Structure formats: C-alpha cells, structure tokens
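**Q** Right, I'll just put the structure down here and ask away after.
The values are calculated or read from the model by the stated rules, or taken from the named source; none is laboratory data. All values derive from a computational prediction rather than experimental measurement. Every residue, glycine as well, gets a Cβ built from its backbone with ideal geometry; the counts of neighbours run over all protein chains shown.
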Amino acid sequence: MDFEALALELCTSYSRIPEVSPPFEAGTLHWHGQDYFYVSGWGEKQQRRLLEVFRKTKDVMLEPLPAFQYPLPFRDLFPQDFRLLYRDAPWEDAGHKR
C-alpha cells in the first residue's frame, strides 16, 4: 500500500489550514524505528508548511497524530509550525513562572 498517497488523499479531502495552499506533497520520516507519513503545502511566504502527520496502525490504516506527539525531527523540517510546540522555555512570553 502506498501510504504517502493515502496520507495525501486524506489530507487534501479534509485537512486545511487557511494560510497553506497547493501543491500538496506527501513524505515519510523514519524515526526511532517508526515511519511517520506527513503532508505539507506552501505558506504565504513560499515556505513549506506542515498540514498533518500520520502513523500506521496495527490494522494497516493511517491515523493522524496529535501535534504534541509529532517526532522532534519535524521541528527542523517545519520550523515555523513548531515554534510554539517545541520551545525551550514555553512560558517565557506568558508572564508566568514555573
């Protein structure tokens, strides 16, 4: 089964972010023994933007991952989309102390 094609089909049919437009691309990231299938598009400033990340289930289907479970290498691939998710000091701008 072509999981990249399936991820692309799933994403283009239901997952849209207003600032992200076609052409959409699917790719695979192999990290810690697991394959992650992702779909990206183009942002307003002509940079790649992440739409969705999937992983294969035991039933050989794709399930979308919650953003907090995205593998860390996506931080380098899509820095704009991960500034808030993977910050060294997430409370820095909130005015709160831990």
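Residue by residue, here is whether (1) within 18 Å of Arg75 (Cβ to Cβ); (2) touching a His at 6+ places or on another chain (Cβ under 9 Å); (3) at pLDDT below 85 holds:
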site: Thr12; (1), (2), (3): no, no, yes
site: Ser15; (1), (2), (3): no, no, yes
site: Glu19; (1), (2), (3): no, no, yes
site: Ala26; (1), (2), (3): no, no, no
site: Trp42; (1), (2), (3): no, no, no
site: Lys45; (1), (2), (3): no, no, yes
site: Glu52; (1), (2), (3): yes, no, no
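**Q** Here's something else I'd like to know. Mind checking which residues of segment 28-40 are farther than 20 Å from Pro79 by Cα and among the polar types (S, T, N, Q)?
**A** Gln34
**Q** Kindly provide the set of residues from segment 11-60 that are more than 19 Å from Pro71 (Cβ to Cβ), of a type outside the set (Ser, Thr, Tyr) and not in a loop (DSSP other than H, G, I, E, B), ordered by number.
**A** Matches in segment 11-60: Pro22, Pro23, Phe24, Gly41, Trp42.
**Q** Can Ala5 be described as exposed (fewer than 13 other Cβ atoms within 10 Å of the Cβ) and farther than 23 Å from Arg83 by Cβ?
**A** yes
**Q** Looking only at residues in segment 67-87 that are modelled with pLDDT under 65 and not aliphatic (A, V, I, L, M), which one is nearest to Asp35 (Cα to Cα)?
**A** Looking at the filtered set, the residue picked out is Tyr86.
**Q** For residues that are out of contact with any Gly (no Cβ under 8 Å at 6 or more places or on another chain), touching a residue at least 12 places away in the same chain (Cβ under 8 Å) and farther than 13 Å from Phe3 by Cα, tally how many sit in segment 18-33.
**A** Selection size over segment 18-33: 2.
So that you can scan it fast, the table gives a plain yes or no per residue for (1) over 21 Å from Glu9 (Cβ atoms); (2) surrounded by fewer than 14 Cβ atoms within 10 Å (Cβ to Cβ); (3) touching a residue at least 40 places away in the same chain (Cβ under 8 Å):
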| position | (1), (2), (3) |
| --- | --- |
| Glu44 | yes, yes, no |
| Glu52 | no, no, yes |
| Gln69 | yes, yes, no |
| Pro73 | yes, yes, yes |
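**Q** Moving on. Testing Pro64 on (1) modelled with pLDDT of 90 or more; (2) exposed (fewer than 10 other Cβ atoms within 10 Å of the Cβ), one condition comes back false. Which one is that?
**A** Unmet condition: (2).
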